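The values are calculated or read from the model by the stated rules, or taken from the named source; none is laboratory data. Bear in mind that the values here come from a model prediction, so they are computed numbers and not experimental data. Cβ: placed from backbone, ideal geometry, glycine included. Neighbour counts: every protein chain shown. Only protein heavy atoms, including side chains, enter the accessible area calculation; ligands, DNA and RNA are left aside. Shrake-Rupley method; radii C 1.70, N 1.55, O 1.52, S 1.80 Å.
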Amino acid sequence: MQSVPAVFQSGQTTYRVQGGMTAIPAGDGVVYTATTHTGVSVTATAASLSPYPVLRGGGCFLALALVMLVPAFVFVAFASDVLAENPAPTAGGRVGAAIGAWLFPFGAFALVALFAVLFVLRLRRNARIRRGIPDALEYWRQAWFCHRCGGVFFPRGELMPAATFRGLVWRAGDYAGLTRRR
């Protein structure tokens, strides 16, 4: 028997992998560089005892929204120029030209809006997780893990599977609506 926090901590290993050397010409000589990768390896047992969902970054959504602003404004400039320089002779032609000219700008701005919404949703999800961590950890720290049965129990309580235990801990942290993604 071991406390759940101890099992969780012992199931995580930080690793660092160094890649091959690369020669880069620099002035009259050569500079050698090596690539490295650092990460954390988590056992299945430790992952099943996680006290809260993984916090995910949202910077990629913000970056995509900002990058998409450039083509959106370029499309607006093109649409304005096309409509100003090529007026259609009929009302139906003007409507068709306007729809055709503004299709790409609206699409680009829709993508900007989508990425901005995804960024805000990611921030809100992470904030909800952070608010619940103290309550989840308080509940989580009281449990024990049985290596022989692979189950979790509280003192004077019944043995339960790790998935059931994680559900109880996540309910204590109010993460019920959040899904675990890797």
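Only one of the listed residues (PHE78, PHE61) is modelled with pLDDT of 80 or more, closer than 26 Å to LEU123 by Cβ and outside any strand (DSSP E or B). That residue is PHE61. Among the residues of the stretch 39-55, is there at least one that is farther than 30 Å from ALA163 by Cα and of a type outside the set (A, V, I, L, M, F, W, C)? There is no residue in the stretch 39-55 that is farther than 30 Å from ALA163 by Cα and of a type outside the set (A, V, I, L, M, F, W, C). For the condition of a type in the set (Val, Ile, Thr), open to solvent by 80 Å² or more (accessible area, probe 1.4 Å) and either in a helix (DSSP H, G or I) or in contact (Cβ under 8 Å) with a residue 60 or more places away in the chain (or both), VAL67 qualifies. Of note, PHE119 does not satisfy the criterion of being closer than 30 Å to GLN9 by Cα, open to solvent by less than 70 Å² (accessible area, probe 1.4 Å) and not acidic (Asp, Glu).
Taking the stretch 132-160 only, how many residues are surrounded by fewer than 12 Cβ atoms within 10 Å (Cβ to Cβ) and assigned to a loop (DSSP other than H, G, I, E, B)?
7
TYR15 fulfils the conditions (1) open to solvent by 60 Å² or more (accessible area, probe 1.4 Å); (2) outside any loop (DSSP other than H, G, I, E, B); (3) farther than 30 Å from PHE165 by Cα; (4) not polar (S, T, N, Q) except for a single criterion, (3).
When ALA110, ALA101, ALA163 are checked against the criterion of being loosely packed, with under 14 Cβ neighbours inside 10 Å, hydrophobic (A, V, I, L, M, F, W, C) and closer than 30 Å to ALA65 by Cβ, ALA110 stands alone in meeting it.
Just to be sure before I move on: is VAL31 within 18 Å of the chain's Cα centre (by Cα) and in a strand (DSSP E or B) in the structure I sent?
Answer is no for this residue.
Could you please let me know if ARG125 is under 30 Å from MET160 (Cβ atoms), assigned to a helix (DSSP H, G or I) and touching a residue at least 60 places away in the same chain (Cβ under 8 Å)? So ARG125 fits the description; yes. For ARG16, the stated conditions hold: it is of a type in the set (Lys, Arg) and farther than 28 Å from ALA136 by Cα. Residues in the stretch 11-28 that are closer than 30 Å to TRP144 by Cα and more than 25 Å from the chain's Cα centre (by Cα): there are none. ALA79 satisfies every condition listed in (1) within 30 Å of GLY132 (Cβ to Cβ); (2) open to solvent by less than 50 Å² (accessible area, probe 1.4 Å); (3) aliphatic (A, V, I, L, M) except (1).
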